[in-house]
Amino acid sequence: MENEPTRMQNRTTVERTSDRELVVTRTFDGPAHIVFEAWTKPELFKQWWAPKSMGMFLRSCEMDVRTGGGYRLVFGHDASNSMAFFGRYVEVIPNARLVWTNDEGGDAGPVTTVTFEEKDGKTLLVMHELYPSKEALDAAGTGAADAMGETFEQLDELLVALGANVGGP
């Protein structure tokens, strides 16, 4: 695979930085505005967000990406075996920062902050998940964050395809 070296180079790290916070970090080969688009345009988001190894896919993706807007993601094999994730965008700074709530768990859901920092045509992405309590993070575990390695590899593949379409390396 021609983009294999890129994937090997860009490692995803997952770290529990406090009793209530998980931090996932990854550098992507692409400018911040393209990486941001992949996070905020439903037609792009659907192509990379669900880890293929889990055998499920993102059945529907509704995103009103603006401060105060909402989102709803439905995963599953079929309509009878699906799970919805939803919340609202607390802060949206184009090409720089996204903050959203995860409301499907009630008060136990984390607030997720994703920052996009561009340097030399690459984007450092840092995703913070802040839980309301130590118990909420303990209950959630790190499974979803651990799956981000595969998910981010899928995003790498999409960025390669998008790079070809926008005329950049």
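A few comments on the model shown:
- 0 to 90° range, to nearest 10: angle between helix 148-166 axis and the chain longest Cα axis: 40
- Over all other residues within a Cβ to Cβ distance under 13 Å of Trp39, the charged ones net out to +2, with Lys and Arg as +1 and Asp and Glu as -1.
- Taken as Cα centroids, segment 48-112 and segment 117-148 sit 14 Å apart, rounded to the nearest whole angstrom.
- By the equivalent-ellipsoid construction on the alpha carbon gyration tensor, segment 1-141 comes out with semi-axes of 23, 19, 17 Å, ordered largest to smallest.
- With a cut-off of 15 Å between beta carbons, the residues surrounding Gly70 carry a summed charge of -2, where Lys and Arg count +1 and Asp and Glu -1.
- Hz values of 3J(HN,Hα) by residue in segment 48-55 - Karplus curve (6.51, -1.76, 1.60), Gly and Pro given as x: 9, 5, 8, x, 4, 5, 7, x
- Using the Cβ of Val126 as centre and a radius below 9 Å, the other residues enclosed give a net charge of 0, where K and R count +1 and D and E count -1.
Any read-out appearing in this document is the output of simple, stated calculations on the displayed coordinates, not a laboratory observation. The structure presented is a predicted model; accordingly, all values stated were derived computationally and were not measured. Cβ sites come from the backbone with ideal geometry, for glycine too, and all protein chains shown count toward neighbours.
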